[in-house]
1. Rounded to the nearest 0.05, what FRET efficiency do Leu86 and Ala166 give with R0 = 22 Å and r taken as the Cβ-Cβ distance? Could you check?
2. How much mean residue ellipticity at 222 nm does the chain get from its helices, if each DSSP H run of length 4 or more adds -39500 (n - 2.57) and you divide by all residues, to the nearest 500 deg cm²/dmol?
3. So, by mean Cβ neighbours within 10 angstrom, what's the order for 178-185, 44-51 with the highest one leading?
4. Which of the peptides 8-16, 200-208 is most tightly packed, and how do the rest follow, judged by the mean count of other Cβ atoms within 10 Å per residue?
5. Can you give me the relative contact order of the chain as a percent, contacts being Cα pairs under 8 Å and 6 or more apart?
6. Could you grab the relative contact order for the stretch 148-217? Cα pairs under 8 Å, six or more apart, rounded to a whole percent.
7. Give me the extension gain from Arg115 to Ala190: residue separation times 0.36 nm, minus the current Cα-Cα distance, reported in nm with one decimal.
8. In the chain, how many lysine pairs have Cα atoms under 24 Å apart, counting only pairs 8 or more places apart or on different chains?
Amino acid sequence: MPDLAAQLRITEIFFSLQGETSRTGLPTVFIRLTGCPLRCAYCDTAYAFTGGKSIPISEILEQVAQYAPRYVTVTGGEPLAQKNCLMLLKELCDAGYQVSLETSGALDIGGVDPRVMRVVDIKTPDSKEADKNRWENLELLKPTDEIKFVICSEDDYRWAVGILQAHRLNDRCGVLFSPSQGELDARRLAEWILRDRLPVRFQIQLHKILWNNEAGH
């Protein structure tokens, strides 16, 4: 039997629209775990690095159920930095939700329940954390997973295209290219993608347009 008394440190649980990935726009419950071993230059959730509250998995499930959602996203911080995250993901799947995990790509994704859609970052040089990429994760990707690049500059873009092509990422799963807000004009990135006919999904973070990245959205 699973130990539903096992705890996770949680920064927030909230109901909003999914702002990224192929599920953009869908009403979703977000579970934001506390803590992250990375310090990306463009991080917009530094408030989740510390603090939070330790909550049993049973209580997390109760809070999620109050919203009667179809979709649940576990995010951070870096969710996989807490070992009980794997148990939480399994319990959410068992409860019948369509579950996604947003992870930095720096930690092993192999233990994640196969029912979960894993959204895995590949950190670019301008993130200042490209040396943390765990390239072994690429071999574990399923067609239902997605890879995300946050692009900060034209140099970042060229680097990302090289990785995309070298690893044939679009043959593994969906690939997302996002402009880093305040660093790269979204229209420029869109034009580069069209010019180079890349097999990727361009995305702008919907939640930042609607709520200016306020906590709880």
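Every number in this text was worked out from the coordinates using simple rules, so none of it is lab data. From a predicted model like this one, the values you see are computed outputs, not experimental measurements. Here the Cβ is made from the backbone with ideal geometry for all residues, glycine too, and neighbour counts use every protein chain on show.
1. Details: r = 30 Å, r/R0 = 1.36.
The pair Leu86/Ala166 has a calculated efficiency of 0.15.
2. Values: 5 runs with 49 residues, N = 217.
The helix contribution divided over the chain gives -6500 deg cm²/dmol.
3. Values: 178-185: 16.9, 44-51: 15.1.
The densest-packed peptide leads the list: 178-185, 44-51.
4. Values: 8-16: 18.6, 200-208: 17.0.
Descending packing order for the listed peptides: 8-16, 200-208.
5. Working: 409 pairs, mean separation 40.4, N = 217.
Across the chain, relative contact order equals 19 percent.
6. On the way: 62 pairs, mean separation 21.7, N = 70.
Result for the stretch 148-217 is 31 percent.
7. Numbers: separation 75, 0.36 × 75 = 27.00 nm, distance 3.15 nm.
23.8 nm is the gain from fully extending Arg115 to Ala190.
8. 17
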